[in-house]
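**Q** This structure is in structure tokens; I'll ask about it shortly.
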Amino acid sequence: MPAVAWPLVRLPVLTVPRPRMPQVPRIALVVAAILAVLLIVPVAYVLLPAGRSAVDQQTVATHLPSTSGTTAVDTPQAAAIPGVEAKTHMRYHAGTCEASKPCLRVVNETMGKDAAAVVFSTASSAARQCVGYVYRRDGHWHFLDAVCGLPDQLSPQVAHDATVHVPGNCANVRVGASLAARVVACLKDGSTVHVDAGPTYADSRLWWHEPQGWIAHDFLMG
């Protein structure tokens, strides 16, 4: 067979021009980056609840009023501080008192059922103390009253003696901290009782427990 010579076919070569990026001034890139950051931060604040709540809490804390070292948190101490300040005409201070200005500092706190006794030191040379009685009602702490004197004179308090004060009458002792509870004794004015538990808030009263039962706060004194 004779050899057949096929003609060579060559495809044309396509040359695609390479695009050239326009030259952007450096200052324009810096401005664009700043605008991007300014736009991303507000969007993240709206979309991320955790970040938003943290910022909100910081804002609230910044604007909370600060008076005489008290705290905005609803606690027994926060409720007792204004009342004891009014009674002593001293200011509460969470840290160390100035040498020339006696102030109130929390010494201890006895927590009962919806009631508490907060003991303050007056930080004075006489070593006087004050105890503020507070109670919890409707989800909030409220100040009842305060007693001031030497540490041994502060009463009623747990593990301290107290004197019954009902001139011309006697104070009921009940099996429970309630006006509806059964009366088990009636202590005469001037009787001494040893408080071993409390305080408890019930029936719009503070109650303390002594060996025979519960007695109302109003009938006890140091």
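**Q** Reachable lysines from LYS101, Cα under 30 Å, same-chain residues fewer than 8 places away excluded?
**A** LYS87
**Q** How compact is the stretch 138-193 by the rule of thumb for globular proteins, expressed as Cα Rg over 2.2 N^0.38 Å?
**A** Values: Rg = 13.9 Å, N = 56, 2.2 N^0.38 = 10.2 Å.
So the stretch 138-193 has a normalised radius of gyration of 1.37.
**Q** Given +1 on the Cβ of Lys and Arg, -1 on the Cβ of Asp and Glu, and no further charges, what dipole in debye does the stretch 79-125 carry about its Cα centre, rounded to the nearest 20?
**A** Numbers: 5 positive and 4 negative charges, 17 e Å.
Dipole about the Cα centre, nearest 20: 80 debye.
**Q** Starting from the exponent 0.38 and prefactor 2.2 Å, build the expected Rg for the stretch 108-222 from its residue count and divide its actual Cα Rg by it.
**A** On the way: Rg = 13.9 Å, N = 115, 2.2 N^0.38 = 13.4 Å.
So the Cα radius of gyration is 1.04 times the expected 2.2 N^0.38 Å.
**Q** Test of understanding: what is the full-extension gain from ILE34 to CYS170, defined as 0.36 nm times their sequence separation minus their Cα-Cα distance?
**A** 41.0 nm
**Q** Still on this structure, I have one more. Whose amide H sits under 5 Å from the amide H of GLU210, counting only residues 5 or more places off or on another chain, with H placed in the peptide plane?
**A** It is ASP196, ILE215, by chain and number.
**Q** Per-residue HN-Hα couplings for the stretch 188-198, Karplus 6.51 cos²θ - 1.76 cosθ + 1.60 at θ = phi - 60°, whole Hz, x for Gly and Pro?
**A** These are the phi-based 3J(HN,Hα) values: 6, 4, x, 5, 9, 10, 9, 6, 10, 6, x Hz.
**Q** Shifting gears a bit: Amide H neighbours of LEU220 under 5 Å, counting only residues 5+ apart in sequence or on other chains, H built in-plane at 1.01 Å?
**A** HIS165
**Q** While we're here: Once you list every other residue whose beta carbon is under 12 Å from the beta carbon of VAL164, what net charge do they have if Lys and Arg are +1 and Asp and Glu are -1? Don't skip to the answer; put the middle values down first.
**A** Details: positive: LYS188; negative: ASP161, ASP189, GLU210, ASP218.
That works out to -3.
**Q** Label LEU179 and THR192 with points 7 Å out from Cα along Cα→Cβ: what is the distance between them in nm?
**A** Placing both labels 7 Å beyond Cα along the Cβ direction yields 3.2 nm.
**Q** Can you list the residues, at least 5 places off or on another chain, whose amide H is less than 5 Å from the amide H of ALA115, using H built in the peptide plane?
**A** Those lying under 5 Å, H to H, from ALA115 are ARG136, TYR201.
Since every read-out is calculated from the coordinates, none of them should be taken as a lab result. Just so it is clear, the structure is predicted and the values come from calculations on it, not from any experiment. Glycine gets a Cβ as well: all are built from the backbone with ideal geometry, and neighbour counts include every protein chain shown.
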